[in-house]
Amino acid sequence: MSQQHHIDELFIRIWNDYLSITPSAEKVHALLAASDTAPKIVNDHIALRTLNFSHMGISVLSQHFEALGYTHGGDYDFGSKKLNAMHFEHPDGNHPKVFISELKVDELSDAVQTILHRISQSVTSEFMSESNCLYSGKCWQLTYNDYQNLLAESEYAAWFAAWGFRANHFTVSVNHLETLTELVEVNSLLKQHGFVLNTSGGEIKGSQDVCLAQSSTMADKMPVVFSDQTVDIPSCFYEFAQRYPLPNGELYQGFVAASADKIFESTNVN
Ligand code: NI
């Protein structure tokens with residue numbers, strides 16, 4: 001099978017896993033497909049979350065994309081959220097970029113570190129060596145009380161502990177739409193149909209000035225089976241990105257840290 005085929009297959013699996021806990025994304029996808037003449041909805045990027053332990057950090061997740069021809073495209077630092085991130089892109093430009101962040105565990109409290117260390121011990125290198133780890137969810141036990149302890153300190157830590165390895169969001173490329181040519185039109189359509197957008201930092205994060213404008217829905221709430229009870233918590237959201245050309249005329253392909261910082265809040269509980 002061709003590399004193209006392998007890449008498409010991998011993203012279909014990640015997408016199906018994502019839809020299983022993000023029912024609103026399927027509705028938004030259908031709405032955009034019905035409202036736009038573009039032959040298909042193209043993804044700008046997906047985002048994955050992990051912890052910075054050496055056997056499960058960014059470089060461990062990225063190897064599955066690098067094996068398919070992806071290369072490192074940029075580094076990002078989110079100081080206040082205690083996150084590092086990198087993005088990876090494919091040279092042929094038709095495949096979604098992959099944005100992978102990792103929590104700097106050592107910067108959190110001892111109590112939170114203890115929970116995250118325990119999680120990391122359930123993640124084997126063998127498990128991480130297979131590309132299906134990218135849409136495998138969590139392979140560890142977590143009590144609802146531990147979830148709440150994580151949430152009090154880091155929304156990101158709590159989300160990862162509850163949902164595990166899977167796409168945190170998919171992102172529609174507004175540049176590839178034909179009828180809805182501006183992000184503001186996409187946002188209006190979504191609001192008309194009752195979807196709730198993340199307004200942290202404004203409905204649109206970024207602008208033409210930084211060559212990237214983004215918006216997102218607020219995450220769905222879905223049941224998580226904790227080891228002691230099942231509770232509805234925020235799952236995943238859908239994002240929309242419009243890219244603008246650099247002075248050399250090429251579309252900017254990177255990310256804007258200040259905007260992504262606010263996008264992370266799409267999985268906030270309130
Ligand atoms: Ni994103």
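Can you name the residue in region 58-67 that is of a type outside the set (Val, Ile, Thr) and crowded, with 18+ Cβ neighbours inside 10 Å and is also nearest to Ser125 (Cα to Cα) among such residues?
So the first thing to find is which residues in region 58-67 are of a type outside the set (Val, Ile, Thr), and the list is 59, 61-67.
Now restrict to residues that are crowded, with 18+ Cβ neighbours inside 10 Å: 61-62, 64-65.
Details: Leu61: 11, Ser62: 14, His64: 13, Phe65: 17 Å.
Step by step, filter region 58-67, then rank; the result is Leu61.
I'd like the residue in region 34-69 that is assigned to a loop (DSSP other than H, G, I, E, B) and within 16 Å of the ligand (Cβ to nearest atom) and, out of all such residues, is farthest from Thr179 (Cα to Cα).
Selected residue: Val42.
Can you tell me which residue is farthest from the ligand (Cβ to nearest atom) among those in region 208-257 that are of a type in the set (Asp, Glu) and touching a residue at least 60 places away in the same chain (Cβ under 8 Å)?
Let us first name the residues in region 208-257 that are of a type in the set (Asp, Glu), namely 209, 220, 228, 232, 239, 250.
Restricting the remaining residues to those that are touching a residue at least 60 places away in the same chain (Cβ under 8 Å) gives 220, 228, 239.
Numbers: Asp220: 16, Asp228: 33, Glu239: 5 Å.
Across region 208-257, the extreme among qualifying residues is Asp228.
Among the residues of region 227-244, which ones are surrounded by fewer than 19 Cβ atoms within 10 Å (Cβ to Cβ) and touching a Phe, Trp or Tyr at 6+ places or on another chain (Cβ under 7 Å)? Walk me through it before giving the result.
To start, the set of residues in region 227-244 that are surrounded by fewer than 19 Cβ atoms within 10 Å (Cβ to Cβ) comprises 227-232, 244.
The answer is Asp228, Gln229, Val231, Tyr244.
In this structure, does Ala111 turn out to be crowded, with 16+ Cβ neighbours inside 10 Å, of a type in the set (Gly, Ala, Ser) and touching a residue at least 12 places away in the same chain (Cβ under 8 Å)? Explain how you work it out, then say what you get.
Values: crowded, with 16+ Cβ neighbours inside 10 Å: no; of a type in the set (Gly, Ala, Ser): yes; touching a residue at least 12 places away in the same chain (Cβ under 8 Å): yes.
Taking the combined requirement at face value, the residue does not satisfy it.
Asn145 - would you say it is in contact (Cβ under 8 Å) with a residue 12 or more places away in the chain and within 19 Å of the chain's Cα centre (by Cα)?
no
Would you tally the residues in region 155-189 being away from the ligand (no atom under 16 Å from the Cβ) and aliphatic (A, V, I, L, M)?
8
For every residue, the table says whether it meets (1) assigned to a helix (DSSP H, G or I); (2) over 17 Å from the mean Cα position of the chain (by Cα); (3) of a type in the set (Gly, Ala, Ser).
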{"site": "Val172", "(1), (2), (3)": "no, no, no"}
{"site": "Asn175", "(1), (2), (3)": "yes, yes, no"}
{"site": "Ser188", "(1), (2), (3)": "yes, yes, yes"}
{"site": "Gly201", "(1), (2), (3)": "no, yes, yes"}
{"site": "Ser216", "(1), (2), (3)": "no, no, yes"}
{"site": "Met222", "(1), (2), (3)": "no, no, no"}
{"site": "Ser227", "(1), (2), (3)": "no, yes, yes"}
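Throughout, read-outs are computed from the coordinates displayed, never taken from laboratory work. Just so it is clear, the model here is predicted, and its values are computed rather than measured. As a convention, Cβ positions derive from the backbone with ideal geometry for all residues, glycine included, and neighbour counts pool all protein chains shown.
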